[in-house]
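We did not get these values from a lab; they are worked out from the coordinates using the rules stated. Everything numeric in this text was worked out from a predicted model, so none of it was measured. Backbone-built Cβ (ideal geometry, glycine too); neighbour counts: all protein chains shown.
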Amino acid sequence: MSAIAANDKANDLEAYWMPFTANRQFKANPRMVVGADGMHFTLSDGRKLLDGIAGLWCCNAGHNRPRIVEAIQRQVTELDYSPAFQMGHPKQFELASRLARMMPGDLNKVFFTNSGSESVETALKMAIAYHRARGEGHRTRLIGREKGYHGVNFGGMSVGGMPANRKMFGTLMTGVDHLRHTHGIEGNSYSKGQPDNGADYADDLIRLCELHDPSTIAAVIVEPLAGSAGVILPPKGYLERLRKICDQHGILLIFDEVITAFGRLGTPFAVNKFDVEPDIVTTAKALANGVIPMGAVFVQDKIYDAFMTGPENMVEFFHGYTFSGNPMACAAALGTLDTYEEEGLLTRGADLSDYWQDAVHSLKGTRHVIDLRNLGLIAGIELEPRPGKPTARAFEVFLKAYEAGLLIRTTGDTIALSPPLIIEKSQIDFAFETLATIIKSLD
Ligand SMILES: Cc1ncc(COP(=O)(O)O)c(C=O)c1O
């Protein structure tokens, strides 16, 4: 018998190593999704679950949307795959042009990836290579921020600032430093929208310039609004100040918009919302409504132009993915943009944001709640951790909400909500009433 013949292996839960999941806990008590439509998932026992987090901040148009389904069905019979390198297909160019028109300012060039993590790696490599192409090869240092999340690859992990995501993986990339995070600044509790205090935290960049010399710094990367570390909003004036310091020192500013792009803040991008134009913007998730993996990196013309200088028969940027701009993803993204446009979803968050804000802050005074934060269609509900058992209380809310028909996400002891942008007011009421009842009932 061949040593590798193993066809009698059972079809069970054991083979699959699940990402960012407590595997043993899950497999002992699985939560299986078998369908999705509109605002709801269907579970294996037939129950419906209101999607309070747009999948993973990606299904901004909700689930099973006809335009997207039809676009994919059509595409797969027409052109299933086309080589990503030295070949093109029309939908890549159509999508990039359309995205460039949506994005304000000089961010007119678009590079396709397959995920947020890949968008971040692409952006970091672009930043370093851009400086080198301009004769400033000494600018290699990258600056991130504590509590930042930029995906799970080595560059993103290194500029990221979530200890649990970093500590198992050695020394990470060298030449990286971090700004302080802006969470928990005095006077900012229960802020409605952007908090008032903390713009001066951007001055950390001045200190890092003094420490390392600005001529060694290629780029600063921040999430304009941090989701993964528990919904951390930018203090008023903070992003403007970062932009100014970057400009003073020739440093590129990268906004990681993997969760904020495509309507989450009530505007197409955070760039619109905060009226600050970075040099590079990373996106993914809701670009193709989470249906097919896809990411896009937007860069200012000056960055693209800096690469377009050598002999014309030479590859200008030695970077790309087999699935960069693949036809299925492009079709899904075009169907997604059609849906966003036809239903006004990229600004619907703005129409709903007052109602949403009132619902979020209705939890003020609820037992265990120590802070509430909101912007656009995002909420952060911070709970007091159980003594000696961080994360336990929030995870219990997650499990009880699941039983009650609501999907939420927790990070640390913060509950994060980011529903599809098609959510109705009655569904907002259901989400917050359910949460209030559950939170009050906890030890
Ligand atoms: C800001 C940010 N950047 C990057 C990523 C990584 O995206 P992905 O999981 O698609 O690699 C995420 C994912 O949540 C994110 O929130």
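Electrostatic tally near HIS212: other residues with Cβ closer than 13 Å to its Cβ, Lys and Arg +1, Asp and Glu -1, net -1. For segment 219-327, the square roots of the Cα gyration tensor eigenvalues, ordered a ≥ b ≥ c, give a/c of at least 1.5 with a/b no greater than b/c, which places it in the oblate category. Taking the DSSP beta bridges with both ends in the chain, the antiparallel portion is around 65 percent. Considering only HIS150, HIS361, HIS249, the Gaussian network model of the chain with Cα springs below 10 Å gives its largest mean-square fluctuation to HIS249. Alpha-carbon geometry of segment 94-203: the Rg and the Dmax are 16.9, 47 Å, given in that order.
GNM remark for the chain: springs join alpha carbons under 10 Å apart, and the peak mean-square fluctuation among MET314, MET157, MET294 falls on MET314.
Between the amide H of ASP371 and those of GLU382, distances stay under 5 Å, these residues lying 5 or more places away or on another chain, with hydrogens modeled in the peptide plane. Only DSSP H runs of four or more residues enter the estimate; each adds -39500 (n - 2.57), and after division by the residues of the chain the mean residue ellipticity at 222 nm equals -11000 deg cm²/dmol.
Neighbours of HIS178 by Cβ distance under 12 Å: Lys/Arg scored +1, Asp/Glu scored -1, total +3.
The lysines whose alpha-carbon is closer than 18 Å to the alpha-carbon of LYS109, local same-chain residues fewer than 8 away aside, are LYS91, LYS125, LYS302. Backbone N atoms of segment 10-30 closer than 17 Å to the 7 Å Cα→Cβ label point of TYR402 belong to residues 13-14, 16-30.
The residue among GLY155, GLY250, VAL231 whose Cα reaches farthest toward the positive pole of the charge dipole of segment 124-262, with charges on the beta-carbon of Lys, Arg, Asp and Glu, is GLY155. Among ILE280, ILE221, ILE245, the largest mean-square fluctuation in a Gaussian network model of the chain, built with springs joining Cα atoms closer than 10 Å, belongs to ILE245. Summarising the overall dimensions of segment 6-78 from its C-alpha atoms, the Rg and Dmax are 16.0, 43 angstrom. Remark: the ARG132-LEU56 segment gains 23.8 nm on full extension, using 0.36 nm per residue and subtracting the alpha carbon distance.
Computed with the Debye formula from one identical point scatterer per Cα of the chain, without solvent, the log10 of I(q)/I(0) at q = 0.11, 0.12, 0.13, 0.14 Å⁻¹ comes to -0.89, -1.06, -1.23, -1.41. Averaging the Cα positions of each part gives two centres, and for segment 28-72 and segment 316-354 these lie 18 Å apart. For segment 69-342, a crude dipole built from +1 on the beta carbon of Lys and Arg and -1 on the beta carbon of Asp and Glu, taken about the Cα centre, is about 480 debye to the nearest 20. Once C-alpha pairs closer than 8 Å and six or more residues apart are averaged by separation and normalised to the residue number of the chain, the relative contact order reads 21 percent.
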